[in-house]
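Please read the structure below before turning to the comments.
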Amino acid sequence: DAGVTQSPTHLIKTRGQQVTLRCSPKSGHDTVSWYQQALGQGPQFIFQYYEEEERQRGNFPDRFSGHQFPNYSSELNVNALLLGDSALYLCASSLTGEWNTEAFFGQGTRLTVV
Amino acid sequence: AQKVTQAQTEISVVEKEDVTLDCVYETRDTTYYLFWYKQPPSGELVFLIRRNSFDEQNEISGRYSWNFQKSTSSFNFTITASQVVDSAVYFCALIGTQGGSEKLVFGKGTKLTVNP
C-alpha cells in the first residue's frame, strides 16, 4: 500500500511564475492538508481539503490556492511566485475526525524560486 | 491560539548518551493530541508517537520514551543510548479538536546530532 506521494520532488521556478504541486493521499484517507516548511523552521499549515472543498485555511495569501479531486488527490497552486515562497511543501493525508490515528506525510516538494 | 515551543534549537551528543528533547505547548482546548515527528535529511516527516490529552501515562518504545505532564503543559521525548541513526530534526506538534480544527501546529524543531 503506497503512502502519501508528492510530485515533483524538486522544482526551480522564476519570480512571478506560477507553480502546481501534486499530492496523492494514502489509500482510504479522505482529507489532505498542505504545509509550508521554510529552511530551519517547523511546517506551517496552509490549508486543508475535504470533500473537494477548502475546509480550513492558515495565514497565507490568496496567491496560494488548491483543489481536491473526487479521488481525494490534491493540488497546491501558487501564483506570482516570490523568493520567500522557496520552501519544502509537505502534504499530509488523514481520515476526517480520526485524530486518534496518525497523519501521514509525503516526502515533500522542494521549491526554489530564483 | 495554539502554540508549541521547542526551546532547544540544536543538541549535539556522543553516541550512547541519553538525550531529552523538550516540548511545551499552549492550548485552550480540553481535548487535544500531541505528536512527535522525526525529519531525516530526506525531508519526510516520520511519525513517532501520538498522545491524547486524557492519557498522561508515560510511554516507552524501545530506546524512546515520552513524558507527558499536563500540569506543566510539557511533552518531552527521551532517547536512551543514542545512535548515529537518531540524527535528525525532531518536531513536537499539537492538534486541537474544538471548532472542527484538524490542523497540526508544529514547534520549530530540535536538530539532534549524534556523533560516533
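The values are calculated or read from the model by the stated rules, or taken from the named source; none is laboratory data. Model, not experiment: these values are computed from the prediction. Neighbour counts are summed over all protein chains in view; Cβ atoms, including those assigned to glycine, are modelled from backbone coordinates with ideal geometry. The area values use the complete protein model at the heavy-atom level, side chains included, leaving out ligands, DNA and RNA. Shrake-Rupley method; radii C 1.70, N 1.55, O 1.52, S 1.80 Å.
Restricting attention to the range A:32-46, the residues that are at pLDDT 95 or above and more than 9 Å from chain B (Cβ to nearest Cβ) add up to 4. Restricting the range B:76-103 to residues that are within 9 Å of another protein chain (Cβ to nearest Cβ) and assigned to a loop (DSSP other than H, G, I, E, B) leaves a set whose member that is modelled with the highest pLDDT is B:LYS103.
Here are A:ARG22, A:ARG57: which of them is charged (D, E, K, R) and either on the phi > 0 side of the Ramachandran plot or modelled with pLDDT of 95 or more (or both)? Answer to the selection: A:ARG22. Of all the listed residues (A:LEU39, A:LEU88), the sole one being aliphatic (A, V, I, L, M) and touching a Lys or Arg at 6+ places or on another chain (Cβ under 9 Å) is A:LEU88.
Somewhere in the range B:26-36, is a residue in contact (Cβ under 8 Å) with a residue 40 or more places away in the chain, open to solvent by 30 Å² or more (accessible area, probe 1.4 Å) and within 11 Å of chain A (Cβ to nearest Cβ)? Looking for residues that are in contact (Cβ under 8 Å) with a residue 40 or more places away in the chain, open to solvent by 30 Å² or more (accessible area, probe 1.4 Å) and within 11 Å of chain A (Cβ to nearest Cβ), one finds at least one in the range B:26-36, hence yes.
The selection criterion, being within 14 Å of another protein chain (Cβ to nearest Cβ), open to solvent by 60 Å² or more (accessible area, probe 1.4 Å) and either without any contact (Cβ under 8 Å) to a residue 40 or more places away in the chain or within 30 Å of A:ARG55 (Cα to Cα) (or both), holds for B:LYS108.
Quick grid of which residues meet (1) open to solvent by less than 60 Å² (accessible area, probe 1.4 Å); (2) within 14 Å of another protein chain (Cβ to nearest Cβ); (3) part of a loop (DSSP other than H, G, I, E, B):
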position: A:ASN59; (1), (2), (3): no, yes, yes
position: A:TYR72; (1), (2), (3): no, no, yes
position: A:ASN77; (1), (2), (3): yes, no, no
position: A:GLY84; (1), (2), (3): no, no, no
position: A:TYR89; (1), (2), (3): yes, yes, no
position: A:SER93; (1), (2), (3): yes, yes, no
position: A:THR96; (1), (2), (3): yes, yes, yes
position: A:GLN107; (1), (2), (3): yes, yes, yes
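On the stretch given as the range B:25-39, residues that are farther than 15 Å from B:GLU102 by Cα, in contact with a Ser or Thr (Cβ under 8 Å, 6 or more places away or on another chain) and of a type outside the set (D, E, K, R) total 1. In this structure, does B:LYS70 turn out to be more than 14 Å from B:VAL19 (Cα to Cα), out of contact with any Leu (no Cβ under 9 Å at 6 or more places or on another chain), of a type in the set (D, E, K, R) and buried (at least 18 other Cβ atoms within 10 Å of the Cβ)? No: the conditions fail for B:LYS70. Only residues that are more than 9 Å from chain A (Cβ to nearest Cβ) and closer than 27 Å to A:VAL4 by Cα were counted across the range B:1-22, and they come to 2. Does the range B:68-116 hold any residues that are among the hydroxyl-bearing types (Ser, Thr, Tyr) and farther than 23 Å from B:TYR33 by Cα, and which are they? Matches in the range B:68-116: B:THR80, B:SER82, B:SER87, B:THR113.
When the range A:9-45 is filtered for residues that are open to solvent by less than 50 Å² (accessible area, probe 1.4 Å), closer than 16 Å to A:ASP85 by Cα and part of a loop (DSSP other than H, G, I, E, B), the ones remaining, listed by number, are A:ALA38, A:GLY42, A:PRO43.
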